[in-house]
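Only one structure is covered here, and it is reproduced in the block below.
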Amino acid sequence: MRFGTVALEQAEGAVLAHSLSLPDGRLRKGVVLGEAEIARLQAAGLGAVTAAQLDLGDVIEDEAAARLAAAMVPQPADAGLRLAPASTGRVNIFAEALGVAEVLAARINAINAVHPMITVATVPEWQRMALRGMVATVKIISYAVPGEALEQACAVAGEGCLRMRPTQRTRVALIQTVVGTSDSAKGRKAVETRLTRLGAALTDEAEAQHSQPALATALAEVLGRGQVDAILILTGSATSDPDDIAPAAVRQVGGQITRFGMPVDPGNLLFLGDIVGLPVIGLPGCARSPALNGADWVLERILCDVPVTAGDIAGMGVGGLLMEIPTRPQPRDPK
């Protein structure tokens with residue numbers, strides 16, 4: 001593509017680079033100049049315009065954006081996504097399902113390395129998405145790009161780069177332990193809000209005294225009812241060790257703890273486990289606040305049936321320093 005000043009006699013087929021106000025109305029940038037447009041320009045007394053002229057093999061911006069978006073999401077309906085029509089070299093990609101966005105970051109990075117005029121921006125990996133939230137945008141910066149570069153970018157996309165992982169675990173139990181005058185209503189409300197925004201619901205609840213036997217009994221009763229896809233435990237006193245009351249109670253009823261603690265703050269005191277395949281999340285105390293904390297990142301993936309390993313949690317530290325929660329009993333910096 002050649003960009004610069006073009007005499008009107010040579011401008012047919014070129015792309016106007018800047019909008020122009022003419023006596024008979026406005027001629028907008030991005031328009032492909034044909035006989036009618038050139039006649040209007042000549043009538044306005046202009047002899048040349050700033051424009052982009054395509055070389056052999058170049059692909060105009062809208063077509064390029066549409067082709068790349070289609071390569072990134074070849075089956076939008078199956079991926080829970082919608083591709084908007086191309087406009088001004090851009091295709092926006094929207095979520096058509098509640099859930100988290102699966103982003104193949106290595107492929108996105110490889111696409112962005114092909115040519116500086118070919119760009120893709122996405123939400124962070126595993127970002128929780130509302131219906132019709134924008135997951136990604138494909139933007140061709142110049143008015144056209146070399147066809148060879150576009151083909152390379154489409155090839156890098158492989159069989160797709162993006163998809164929604166919709167909510168699968170919609171029935172959740174919350175067990176809270178009570179110490180003295182613990183406020184269980186606050187914890188319930190915050191948890192319910194988190195579930196509702198992903199299309200899940202609190203379908204079983206229990207309270208127990210803050211002791212291993214009492215919590216184990218409550219766990220056994222919830223398991224016996226068999227009506228949930230995941231269990232959340234919120235203790236009235238902080239869980240501070242892998243052998244503390246809540247992890248020990250999970251093991252007492254036949255479960256296991258796969259990770260205790262996470263490098264996200266707030267959220268350090270989370271634990272993750274399972275009981276015969278049923279996920280169990282020990283929520284940190286900060287989960288009583290609606291503010292974002294490390295538990296959100298684990299809970300959202302679990303509800304969408306995305307495996308979360310100990311290694312996944314260990315890798316959350318970069319970017320894991322979140323906003324301080326004002327009501328935190330022990331702030332990071334009391335000053």
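The values are calculated or read from the model by the stated rules, or taken from the named source; none is laboratory data. In this text, all values refer to a predicted model and were calculated from it rather than measured experimentally. Backbone-built Cβ (ideal geometry, glycine too); neighbour counts: all protein chains shown.
Numbers below:
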read-out	value
Filtered residue count, segment 174-207, keeping only those that are in contact with a strand residue (DSSP E or B) (Cβ under 7 Å, 6 or more places away or on another chain), surrounded by fewer than 21 Cβ atoms within 10 Å (Cβ to Cβ) and aliphatic (A, V, I, L, M)	4
Output for segment 220-229, where each listed residue is surrounded by 14 or more Cβ atoms within 10 Å (Cβ to Cβ), touching a strand residue (DSSP E or B) at 6+ places or on another chain (Cβ under 8 Å) and without any contact (Cβ under 8 Å) to a residue 60 or more places away in the chain	221, 222, 223, 228
Test: residue 99 is modelled with pLDDT of 95 or more and in contact with an Asp or Glu (Cβ under 6 Å, 6 or more places away or on another chain)	no
Odd one out for residue 232, checked against (1) without any contact (Cβ under 8 Å) to a residue 40 or more places away in the chain; (2) more than 22 Å from the chain's Cα centre (by Cα)	(1)
Matching residues in segment 1-39 - criterion: being of a type in the set (Val, Ile, Thr) and either assigned to a strand (DSSP E or B) or within 43 Å of the chain's Cα centre (by Cα) (or both)	5, 6, 15, 31, 32
Residue in segment 144-156 that is under 23 Å from residue 298 (Cβ atoms), within 22 Å of the chain's Cα centre (by Cα) and either at pLDDT 95 or above or not assigned by TED's automatic domain parsing to the domain that holds residue 102 (or both) present	no
Every residue from segment 62-82 that is in a strand (DSSP E or B) and closer than 20 Å to residue 114 by Cβ	none
Subset of segment 254-299 [of a type in the set (Gly, Ala, Ser) and more than 20 Å from the chain's Cα centre (by Cα)]	254, 255, 261, 273, 277, 282, 285, 287, 289
Segment 83-134 - residue that is among the small types (Gly, Ala, Ser) and in a strand (DSSP E or B) and, of those, farthest from residue 306 (Cα to Cα)	87
Selection from segment 43-52 of residues that are touching a helix residue (DSSP H, G or I) at 6+ places or on another chain (Cβ under 8 Å) and surrounded by 13 or more Cβ atoms within 10 Å (Cβ to Cβ)	46, 48, 49
Search result, residues across segment 259-312 that are aliphatic (A, V, I, L, M) and either at positive phi or not assigned by TED's automatic domain parsing to the domain that holds residue 216 (or both)	276
Qualifying residue in segment 305-323 (condition: modelled with pLDDT of 95 or more and in a strand (DSSP E or B))	yes
